[in-house]
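Following: one structure in structure tokens, then a few remarks.
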Amino acid sequence: MGQIGATARGGSCRLALTDEDHRGRELFIGWCRAAHCEVSIDRMGNIFARRPGTDATLPPVMFGSHLDTVPTGGKFDGVLGVLAGLEMMRTLDDAKVSTLAPLELAVWTNEEGCRFPPGMLGSAVFAGQASIEFGLSRADRAGKTVGEELARLGYASTTLVGGRPVLAFLELHVEQGPELEETNNAIGIVTGSSAVRLYEVVVHGVDCHIGPMPMARRRNSLVGAARVIIEADRIGRAYGDSRSSCNFIDVRPNVNNVIPGQTRFNVDFRNSDQESMTPMEADFHATIERLSGEMDMKIDVRRYWKHGPVSFDPRLTGLLRKTAGRLGHRHKDLVTIGGHDAINMNDCAPSAMVMVPSQAGLSHNEMEYTAIADCEAGANVLLASVLEIAMQPALLETGSLEKVAG
Ligand SMILES: [Zn+2]
């Protein structure tokens, strides 16, 4: 998989629904068919590889992650959870093990959201947080939509997204931070996710010649954006376990000799604690209002995405903890600050995550690396936990069926 979209520095570039992502999907589907899985694709381009159970009336135990990457991504983020799932299917075939409940390996479309904001889009539609119309209409900077790109790649489908019961969803993923490595633990049991709030900000200034206009009369939207970004950084440091970043900026007209009349950018706030997220957002809005007055420039602010904080299913986190202990792996509980498909899936099925260490805490980086022994430990915890649920679905059945996706 790493050979597709390989970068010069040893990473991967498979932006969602590009030709590279398509080649990755096709390779994966070929592998799944060779492993005797039934492959289906829904209208969001989410891929499901199914291994039937002995009781066809049971909903599936689902696991998986994503194959798309950021432009300078690594080989492990997302890919580990997908390929570990495939390895599980092959291992069960080799060992001639049948499960009562079917197993489904999911590859979610546009998890990273670099090309089509927001991220985790395929799982959001599946779990009912976003409509299919919203999902298919997301556009990249060139104006191409998710729906158009799915059709171009031959992935247009009429299969309903979600709306069917899932017994449980488990996601194996690399940690993307240094906590497991620093504490010498092989396995992280993710008990939940922090709150995430995404904003789009547009500062409206006035285009003009860079020379003659006196400084006091200028309305430079890029200067306005700079002041907002610095304030967002301050807010990201001020509320306990908080984070913030601006990671995209679009300056217009972005040429020499013209003071920028309009600057658009995003701000991403995170906090593990809802109690602290509320004042963070209030501080941000008050700050925007003050800066808009001081600089005499209109500033539009729009929150376009929110999720979390989320608590994963305690029965599943308990099972993962027990399994990691039984297999002899040192483990600790974590709360994820990154976004993952399991966070969306938790809305329609009991969900949880297993994490394994990222070397030096690096991720979304071409140098991203997880040792093979750690990948193996994570895959074994996933396999043993999935088997336990798939063999005794009664453990979860009652609870999950009440929470079927809309
Ligand atoms: Zn990921």
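The values are calculated or read from the model by the stated rules, or taken from the named source; none is laboratory data. The shown structure was predicted, so the numbers you read here are calculated from the model rather than taken from an experiment. Positions of Cβ are backbone-derived with ideal geometry, glycine not excepted, and every protein chain shown enters the neighbour counts. When the accessible area is computed, the model is the full protein with side chains, heavy atoms only, and any ligands, DNA or RNA have been set aside. Shrake-Rupley method; radii C 1.70, N 1.55, O 1.52, S 1.80 Å.
If a residue counts only when it is free of Cβ contacts under 8 Å to residues at least 12 places away in the same chain and open to solvent by 10 Å² or more (accessible area, probe 1.4 Å), which strands (runs of 3 or more DSSP E) contained entirely in segment 38-85 have at least 1 such residues?
Once the strands (runs of 3 or more DSSP E) in segment 38-85 are filtered for at least 1 residues that are free of Cβ contacts under 8 Å to residues at least 12 places away in the same chain and open to solvent by 10 Å² or more (accessible area, probe 1.4 Å), what remains is 38-41.
Among (1) open to solvent by 50 Å² or more (accessible area, probe 1.4 Å); (2) free of Cβ contacts under 8 Å to residues at least 12 places away in the same chain, where does GLY211 come up short?
Condition (1) is where GLY211 drops out.
Would you call SER385 at pLDDT below 95, surrounded by 15 or more Cβ atoms within 10 Å (Cβ to Cβ) and of a type outside the set (Phe, Trp, Tyr)?
no
Give me the pairs, please: first residue somewhere in segment 97-119 and touching a residue at least 24 places away in the same chain (Cβ under 8 Å) and open to solvent by 10 Å² or more (accessible area, probe 1.4 Å), second residue anywhere and of a type in the set (Asp, Glu) and more than 16 Å from the ligand (Cβ to nearest atom), beta-carbon distance under 8 Å, and either six or more positions apart or on two chains.
LEU100/ASP55; ARG115/ASP140
Can you tell me which residues in segment 116-135 are away from the ligand (no atom under 13 Å from the Cβ) and either touching a Leu at 6+ places or on another chain (Cβ under 8 Å) or among the polar types (S, T, N, Q) (or both)?
The answer is PHE116, PRO117, PRO118, GLN129, ALA130, SER131, GLY135.
Kindly check whether there is at least one residue in segment 31-44 that is among the charged types (D, E, K, R) and in contact with a helix residue (DSSP H, G or I) (Cβ under 8 Å, 6 or more places away or on another chain).
Yes - at least one qualifying residue is present in segment 31-44.
Kindly list the number of the only condition in (1) without any contact (Cβ under 8 Å) to a residue 24 or more places away in the chain; (2) in a helix (DSSP H, G or I); (3) open to solvent by less than 20 Å² (accessible area, probe 1.4 Å) that fails for PHE134.
(3)
Yes or no: segment 103-115 includes at least one residue that is farther than 26 Å from ARG302 by Cα, in contact with a Pro (Cβ under 7 Å, 6 or more places away or on another chain) and either β-branched (Val, Ile, Thr) or away from the ligand (no atom under 16 Å from the Cβ) (or both).
Yes - at least one qualifying residue is present in segment 103-115.
Could you list, in sequence order, the residues of segment 34-50 that are more than 13 Å from LEU160 (Cα to Cα) and among the β-branched types (Val, Ile, Thr)?
If the condition is that a residue be more than 13 Å from LEU160 (Cα to Cα) and among the β-branched types (Val, Ile, Thr), then VAL39 is the only one that fits.
All but one of (1) touching a Cys at 6+ places or on another chain (Cβ under 7 Å); (2) within 14 Å of the ligand (Cβ to nearest atom) hold for MET89, so report the exception by its number.
Every listed condition holds for MET89 apart from (2).
Find the strands (runs of 3 or more DSSP E) located wholly in segment 185-304 whose residues include 2 or more that are polar (S, T, N, Q), and list them.
Per the criteria, 187-193, 242-245, 262-271.
THR91: without any contact (Cβ under 8 Å) to a residue 24 or more places away in the chain, surrounded by fewer than 16 Cβ atoms within 10 Å (Cβ to Cβ), of a type in the set (Ser, Thr, Tyr) and at negative phi, yes or no?
Against the criterion (without any contact (Cβ under 8 Å) to a residue 24 or more places away in the chain, surrounded by fewer than 16 Cβ atoms within 10 Å (Cβ to Cβ), of a type in the set (Ser, Thr, Tyr) and at negative phi), THR91 does not qualify.
Considering only residues of segment 167-179 that are over 16 Å from VAL310 (Cβ atoms) and away from the ligand (no atom under 16 Å from the Cβ), which is most open to solvent (accessible area, probe 1.4 Å)?
The extreme case among them is GLU179.
In segment 192-206, which residue that is open to solvent by 40 Å² or more (accessible area, probe 1.4 Å) and in contact with a helix residue (DSSP H, G or I) (Cβ under 9 Å, 6 or more places away or on another chain) is farthest from GLY325 (Cα to Cα)?
Top of the filtered list is VAL206.
Tell me, which residue of segment 48-84 that is among the small types (Gly, Ala, Ser) and away from the ligand (no atom under 14 Å from the Cβ) is nearest to THR370 (Cα to Cα)?
ALA49
Suppose we filter LEU105, LEU17, LEU92 for residues that are more than 15 Å from the chain's Cα centre (by Cα) and assigned to a strand (DSSP E or B); which single one remains?
Unique residue meeting the criteria: LEU105.
Yes or no, residue by residue, for (1) open to solvent by 50 Å² or more (accessible area, probe 1.4 Å); (2) in contact with a helix residue (DSSP H, G or I) (Cβ under 7 Å, 6 or more places away or on another chain); (3) within 25 Å of VAL166 (Cβ to Cβ):
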| position | (1), (2), (3) |
| --- | --- |
| THR317 | no, no, yes |
| HIS329 | no, yes, no |
| LEU334 | no, yes, yes |
| GLY338 | no, no, yes |
| ASN346 | no, no, yes |
| SER363 | no, no, no |
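In segment 201-249, which residues are of a type in the set (D, E, K, R) and over 25 Å from ARG115 (Cα atoms)?
Within segment 201-249, ASP207, ARG217, ARG218, ARG219, ARG227, GLU231, ARG234, ARG237, ASP241 meet the criteria.
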